[in-house]
1. Which one is nearest to Asp121 (Cα to Cα) among residues in the range 246-259 that are free of Cβ contacts under 8 Å to residues at least 40 places away in the same chain, of a type outside the set (Val, Ile, Thr) and assigned to a helix (DSSP H, G or I)?
2. Restricting the search to the range 42-96, which residues are touching a Gly at 6+ places or on another chain (Cβ under 8 Å), among the hydroxyl-bearing types (Ser, Thr, Tyr) and in a helix (DSSP H, G or I)?
3. Hey, could you check the range 156-172 for residues that are at pLDDT 90 or above and either closer than 17 Å to Tyr338 by Cβ or of a type in the set (A, V, I, L, M) (or both) and say which is nearest to the chain's Cα centre (by Cα)?
4. Does Lys183 satisfy being out of contact with any strand residue (DSSP E or B) (no Cβ under 9 Å at 6 or more places or on another chain), assigned to a helix (DSSP H, G or I) and charged (D, E, K, R)?
5. Condition test on Arg112, is it surrounded by fewer than 23 Cβ atoms within 10 Å (Cβ to Cβ), in contact with a helix residue (DSSP H, G or I) (Cβ under 7 Å, 6 or more places away or on another chain), closer than 15 Å to Arg462 by Cβ and among the basic types (Lys, Arg)?
6. Of the numbered conditions (1) crowded, with 19+ Cβ neighbours inside 10 Å; (2) in a loop (DSSP other than H, G, I, E, B); (3) of a type in the set (Lys, Arg), Arg449 satisfies every one except a single condition; which is it?
7. Hey, which of the helices (runs of 4 or more DSSP H) in the range 332-432, taking only ones fully inside, have at least 2 residues that are among the polar types (S, T, N, Q) and more than 17 Å from the chain's Cα centre (by Cα)?
8. Just to be sure, is Ser488 more than 15 Å from the chain's Cα centre (by Cα), in a helix (DSSP H, G or I) and at pLDDT 95 or above?
Amino acid sequence: MLDLILSIFEYKLFWIHVIGLAVYYVYLKFVAFTYWQRKNVPHEKPVLIFGNILRSCLGLVSIGEDVKRNYDKFRDHPVHGIYMLSNPVLMVNDPELVRLVLVKEFSKFRDRGLYHNEKVDPLTANLFFLPGEKWKRLRSKLSPTFSSSKLKSIYPLIKEIGDELIKTVEKSIVNGNVVIEVKDLSSRYTTDTIVSMAFGFNCNTLKDPKSDFRKYGDMIVKKRPNIQLTFGMFSPELLTFLRIRLIDKVVYEFFIRVFSEMVNLRKKGNVKRDDVLNLLMQLVEKGYIGVNDEEIRKPISEYDETDRITLLEAYAQAFVFFFAGFETSSGTIAYALYELALHPEIQDRVRDEIRDLMDTSHGCSYENCVNRTKYLEMVINETLRKHPTSPFLNRICTEDCEFPSVNMNVQKGTKIMISASGIMRNSNFYPDPDKFDPERFSQENIDSRNPYTFLPFGQGPRSCIGIRLGMIQTKIALISLLSKFRCSPCLDTPVPLKYSPKSIVQVPDRGIPLRFERAR
């Protein structure tokens, strides 16, 4: 009798699954995947379940490349639709509409619409992920962290790691030259600079490539599959419902432990150091940064308990500072070295500028690094154009908004995407876009081009808060290396370069080995 009941139950359960799948199929085919058709918005025909990102979900290409491929098909349309899995997303292609979203109507598009869960995944409560008022509150508090005075005060720390970078390459040279994988080298450099600037100690990753910070930093970038990251960007509600972490638990535990130890050591020893951790501790204890800072938003007497951030919020900001600082800058440094190795005439011109800088009375001072490296900055900007580490921008519409130029009403809740890599490789804006040409960023050419065609850090109020710090960090690495060494391709240098299909940020697939020799 029991067997009969079980068989009936299994039979019914089977049909429940069949009916459920049939209903889901009908929903996808006739509801979800007809959204853009019903809106009369141009779009590519979606693949069931995967939408328009099948290749990245299968791990064949990166998400950024899949999005760029889709952009390239519709780049002459001001807007078009794309399906990220079953989620309809509006791609904004026209630079003036990009300006509308990022600046002019910023109040209606200020959120990224990304997954964040302060209870399940506390480190996602950071400036990059947070929405609305939470983002606004933190942004205003953290802005002084990147003021000119703060950058100048931490500049010697970066310069010191730059000197260590020279020693690392020098020790590796045997018989006049050495082949070095520059993405790994630059990641070790940026790990050391970020940890020194942010937390006040040297983790010696340049000397010890297997340091814990390097290990866990790699895990942040490489651990998660594309499909999970896609859910985090376009179906955050699902991750919240399932209580799934975007940041791996072991990564979370490592960073919380390190941050806690650093805070406790400073409190016990009454240690004051002009770094990011100290600034975050000020926000926890007082609600503002410094007492003489020009960026303080109101009289000190007006700050109270509500202005303070929690310790966990401070840890979340320290975490994103570490991740954004080490990964984006390391990628830019590696890509710049790659392009300079392939274009020796450009490399020679950069080296001449660096040597002229070194011959001045103040050498590589903060002021000279910022103001007297114009061609190097052009090279870095061209690197960012051709190889952006963040290949697209996300926004979500929080209030109905009109796009007058296309006679379109964008409804509240609409997800928005801008293909930064697509726009920056569009031949209408950058002729011969695959060519590496720093002259695109001469002042004359910058002035003649729509500024919303250059988007490596976004634009507007929600652009990257650490742009200037990243530029200084990148400049010091390149100044240090190119002042002493010449880099060139070796037999294993990939031409053309391929991006890893397993990372949300654009990193090289199998590294970038280059040959280094002492410069004459």
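1. Restricting to residues being free of Cβ contacts under 8 Å to residues at least 40 places away in the same chain, of a type outside the set (Val, Ile, Thr) and assigned to a helix (DSSP H, G or I), the top hit is Lys249.
2. Tyr71
3. Ile158
4. no
5. No, not satisfied.
6. All conditions are met except number (1).
7. Correct list: 366-371.
8. Spelling it out, it is not the case that Ser488 is more than 15 Å from the chain's Cα centre (by Cα), in a helix (DSSP H, G or I) and at pLDDT 95 or above.
The values are calculated or read from the model by the stated rules, or taken from the named source; none is laboratory data. The shown structure was predicted, so the numbers you read here are calculated from the model rather than taken from an experiment. Using ideal geometry, Cβ is built from the backbone for each residue, glycine included, and neighbour counts are taken over all protein chains shown.
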